[in-house]
Amino acid sequence: MRPRRILFISGSGGLGHVTRDLAMARALRQAVSGVEILWLAAPPASGVLQEAGEQLLPQAAHWADETVVGADMATQDAGRGRPFRFNVLDWFWAIKPQHRQNVEVFREVVASSPFDLIIGDEAYEIILAIRRKEIRTPVPFVMIYDFIGVDPMTRTPLEHLGAYIINRRWAYGYRRAPDVPITTCFIGEKEDIPDRPFGPGLPNRRRWAEERCRILGYVLPFDLASCQDRPAIRRKLGYGEEPLVVCAVGGSGIGRELLDLCVESYPLAKRQIPNLRMVLVGGPRLQMPGPGEGSGLEMRGYVPALYEHFAASDLVVTQGGGTSTLELTALRRPFLYFPLEGHFEQQIHVANRLERHGAGVKMRFSGTSPRDLAEMITTHIGTEVTYKAIPVQGAQRLSDIAKTLIDSSVADVHPDL
């Protein structure tokens with residue numbers, strides 16, 4: 001008998017999702033003996049998977065790279081005098097060609113390779129095509145979300161109409177009975193889901209999710225217990241006893257302006273904290289700023305285990321990404337976060353979650369000068385935090401669900417087993 005096989009689609013726009021996907025894959029291997037996991041992903045997530053020793057399908061070479069479109073859009077906005085901005089709804093419409101390409105790749109994969117289960121982490125194009133019956137899978141499909149519904153960020157009528165169309169498809173997609181079982185999972189707590197309608201005349205988002213989603217809790221890409229000895233982690237990473245600020249942006253190639261702001265703020269903060277050390281971390285596609293003024297300012301570029309540097313820090317300055325801010329909340333480190341302007345998930349969903357947990361200090365990029373940031377650094381560095389404890393059993397819960405589905409799938413195909 002062949003080993004049980006899972007197709008895992010990592011729909012990560014940056015690196016946050018793929019790190020949690022790897023955590024879920026580790027839990028799956030513990031739950032399902034001898035399971036084989038094969039991957040579809042585009043750069044930069046595909047590179048992280050390869051570095052981790054995971055097996056990408058050959059068809060992954062044709063999986064469309066949506067982050068390039070997003071980075072180009074952000075660059076164009078910056079050129080128009082709107083830096084540190086990213087409108088997700090505009091991006092959703094812009095990547096329609098990439099979505100069509102991915103649907104074709106998926107169709108080829110499921111037609112040529114046998115699987116017992118398919119998992120899609122925010123694989124929107126695939127779940128929509130399945131609901132429309134444009135494609136079908138021979139085995140159960142697990143769809144993973146970390147937000148429910150989209151929100152317009154401007155007063156532009158077309159953006160509001162676009163958000164309504166997407167939300168209507170989201171809310172009523174379940175009316176089309178799929179050809180195979182679909183299990184919908186939400187990474188987070190039910191309180192993270194807005195208690196309001198998808199839109200005028202549409203269902204309430206939280207009630208919709210409670211009726212149709214398995215609420216998993218959060219997924220961490222590391223063992224929280226292993227990150228409690230901060231002095232040991234600092235020694236491992238080569239840090240001394242000096243105050244340490246880590247400034248990080250995501251792996252999508254968007255957010256360079258925040259690192260520039262940190263560079264400009266460093267000499268101002270250093271006047272108040274002479275031995276201040278600042279480390280700048282960017283994704284694999286981000287061109288790092290030039291050397292800063294004075295010693296103690298370091299450019300690290302891409303750092304694979306960024307959570308260790310978070311754990312070692314006295315303060316973190318970061319984008320409002322869901323994964324990085326979740327890790328900082330779990331690690332109980334003080335941080336300043338800058339949601340990308342125009343980015344509804346960071347501005348609304350992530351920010352509301354952090355406010356509910358009492359975690360982090362929300363900042364506005366367009367209203368923050370280097371002097372402002374320097375003052376915030378000197379005020380918040382090394383402060384004690386009182387964040388609420390959060391549930392981090394999401395990977396284990398997903399693996400339990402997957403094991404049940406795989407056992408059922410195998411029993412249907414091989415009733416004598």
Is it fair to say Cys185 is in the same structural domain as Gly149 (by TED's automatic domain parsing) and closer than 30 Å to His309 by Cβ?
yes
Per the filter on segment 128-150, residues in contact (Cβ under 8 Å) with a residue 40 or more places away in the chain, within 30 Å of Arg5 (Cβ to Cβ), of a type outside the set (A, V, I, L, M) and assigned to a loop (DSSP other than H, G, I, E, B) are Arg132, Lys133, Arg136, Thr137, Pro138, Pro140, Asp146, Phe147
So Arg2, is it among the charged types (D, E, K, R), surrounded by fewer than 18 Cβ atoms within 10 Å (Cβ to Cβ) and free of Cβ contacts under 8 Å to residues at least 12 places away in the same chain
no
Listed by range, strands (runs of 3 or more DSSP E) wholly within segment 157-269 having at least 3 residues that are over 28 Å from Ile119 (Cβ atoms) are 244-248
Based on this model, can you work out whether Pro339 counts as under 22 Å from Pro152 (Cα atoms) and either surrounded by fewer than 21 Cβ atoms within 10 Å (Cβ to Cβ) or assigned by TED's automatic domain parsing to the domain that holds Gly238 (or both)?
yes
Yes/no for Met153 being crowded, with 19+ Cβ neighbours inside 10 Å, part of a strand (DSSP E or B) and either of a type in the set (Ser, Thr, Tyr) or assigned by TED's automatic domain parsing to the domain that holds Leu202 (or both)
no
Would you confirm, using the coordinates I've provided, whether Trp93 is touching a residue at least 40 places away in the same chain (Cβ under 8 Å), surrounded by fewer than 15 Cβ atoms within 10 Å (Cβ to Cβ), of a type outside the set (A, V, I, L, M) and in contact with a helix residue (DSSP H, G or I) (Cβ under 7 Å, 6 or more places away or on another chain)?
yes
Restricting to segment 308-323, give me the number of residues that are modelled with pLDDT of 95 or more and outside any strand (DSSP E or B).
7
Which residue is modelled with the lowest pLDDT, if the candidates are limited to segment 112-167 and must be touching a Pro at 6+ places or on another chain (Cβ under 7 Å) and of a type in the set (A, V, I, L, M, F, W, C)?
Ile130
Evaluation of Ile119 against (1) buried (at least 20 other Cβ atoms within 10 Å of the Cβ); (2) assigned to a helix (DSSP H, G or I) (one fails), failing number:
(2)
Specify which of the listed residues (Ala351, Ala402) is under 24 Å from Thr184 (Cα atoms), touching a strand residue (DSSP E or B) at 6+ places or on another chain (Cβ under 7 Å) and not assigned by TED's automatic domain parsing to the domain that holds Val88.
Ala351
For segment 177-226, name all the residues that are surrounded by 15 or more Cβ atoms within 10 Å (Cβ to Cβ), charged (D, E, K, R) and closer than 22 Å to Pro152 by Cα.
Asp192, Arg205, Arg206
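The values are calculated or read from the model by the stated rules, or taken from the named source; none is laboratory data. Here the structure is a predicted model, which means the values were calculated and not measured. Because the Cβ atoms are built from the backbone with ideal geometry, glycine has one as well, and the counts that use them run over all protein chains shown.
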